[in-house]
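Derivation of every value follows stated rules applied to the coordinates shown; laboratory data play no part. Since the structure is predicted, the reported quantities are computational estimates derived from the model, not experimental observations. As a convention, Cβ positions derive from the backbone with ideal geometry for all residues, glycine included, and neighbour counts pool all protein chains shown.
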C-alpha cells in the first residue's frame with residue numbers, strides 16, 4: 001500500500017467524460033473524482049465533443065477543463081474552432097487544441113487503393129497543420145494523437161514550429177513510439193503521457209524509465225484502456241491513480257512526488 005500525504009490532486013491529462021459512454025453515470029464519476037482528489041481534461045475530437053467538454057468544464061470548475069479539436073479520423077467533422085476561441089463565453093474554459101495529429105493505423109486497414117490512401121493522408125495533414133497554426137496564434141498547447149505516423153508527425157511539427165520558439169508546445173497522448181521518437185518529441189518541447197496500458201504491458205517500462213518525470217503525464221483516455229485492476233470495465237478518470245502507482249514503481253520514486261510534479265506541470269501548461 002502507499003500513503004498519500006500531499007494535498008495536490010491527481011491529474012488525468014486526457015479523458016472523454018463528455019462522450020455518450022458516460023450518459024448514465026457521468027455525475028457519479030465526477031462526484032467520485034471530487035472525493036478522490038482527481039481532476040481532468042476533457043479532450044474534444046469534433047465539434048459536438050468539444051462543445052460538450054466546454055460545458056462540463058464550466059459546470060465543474062476546478063475539477064474539469066477542456067480542449068477543442070478535430071481527431072484525424074473524423075475529417076467529415078471540420079468546424080470553425082476559432083469561433084469558440086474568440087467567444088468569451090467559452091474561451092476561458094479552453095486549455096488546449098486537440099486531439100489532433102495523424103492516424104495511419106486505421107486507414108491502412110480500410111483496403112483503400114494508393115491514390116485514395118494518399119488523399120486521406122493529405123487531408124489529415126491539412127487538418128493537423130491548421131490546428132498547429134491555431135495553437136501558435138492563440139498560444140495554447142497541442143494535444144497530439146499519433147498512431148503509425150510518428151516520423152511524419154515529427155516532420156510536420158518541425159516544419160511548422162520553425163519560427164515559434166517555446167519551452168512547451170503540448171503533449172503526445174497515449175505514446176507508443178520508440179525511445180528515439182520520444183526524445184525527438186521532447187526536443188521539440190512536448191511532454192509525453194502514458195495510459196493504463198503501462199500497468200499490463202511490461203515493454204512500456206523502458207519508455208517510462210527513459211522519459212524524465214518532469215516531462216511526463218498520466219492519462220486514462222477514458223472510457224478506453226482501463227488499467228490492469230479494472231480490465232474489461234469502462235475506464236474513468238478515477239483510475240488514473242493506478243497509472244500513478246505504476247509510474248512511481250517503475251521510476252522508483254515516492255508517489256507523492258509524482259502527484260506534485262504532474263500537478264505543478266499541469267498547472268503551468270494546461271490548467272488555467
Given a Förster distance of 30 angstrom, what is the FRET efficiency for residue 82 paired with residue 167, based on the Cβ-Cβ distance and rounded to 0.05?
-> 0.75
Please build a GNM for the chain, connecting alpha carbons under 10 Å apart, and tell me which residue among 191, 163, 95 fluctuates the most.
-> 163
Cα centroid separation, segment 165-239 to segment 6-45 (Å) = 17 Å
Here FRET efficiency (C-beta to C-beta, residue 61 to residue 180, R₀ 45 Å, nearest 0.05) is 0.65
Residues of segment 176-196 with amide nitrogen under 17 Å from the 7 Å Cα-to-Cβ point of residue 203?
-> 176-182, 195-196
Contour excess over end-to-end distance, with Cα ends at residue 129 and residue 32 and 0.36 nm allotted per residue | 31.2 nm
Considering every pair of different Cα atoms, what Kirkwood radius, in Å, is found for segment 1-124?
-> 16.1 Å
Note down the relative contact order for segment 136-272 as a percent, whole number, built from C-alpha pairs under 8 angstrom at least six residues apart.
-> 19 percent
Relative contact order of the chain, pairs being alpha-carbon contacts under 8 Å that are 6 or more residues apart, as % = 21 percent
Most mobile of 57, 205, 23 per a Gaussian network model of the chain (Cα springs, under 10 Å)?
-> 23
Over segment 1-135, what relative contact order in percent results from Cα pairs under 8 Å that are six or more residues apart?
-> 20 percent
Specify the residue with the greatest mean-square fluctuation among 153, 137, 195, computed from a Gaussian network of the chain linking alpha-carbon atoms under 10 Å apart.
-> 137
For the chain, count the residues as N, evaluate 2.2 N^0.38 Å, and divide the Cα radius of gyration by that value, please.
-> 0.96
Within the chain, what percent of beta bridges assigned by DSSP are antiparallel, to the nearest 5?
-> 0 percent
Given C-alpha coordinates of segment 157-199, what is the ratio Rg to Rh with the Kirkwood estimate of Rh?
-> 1.02
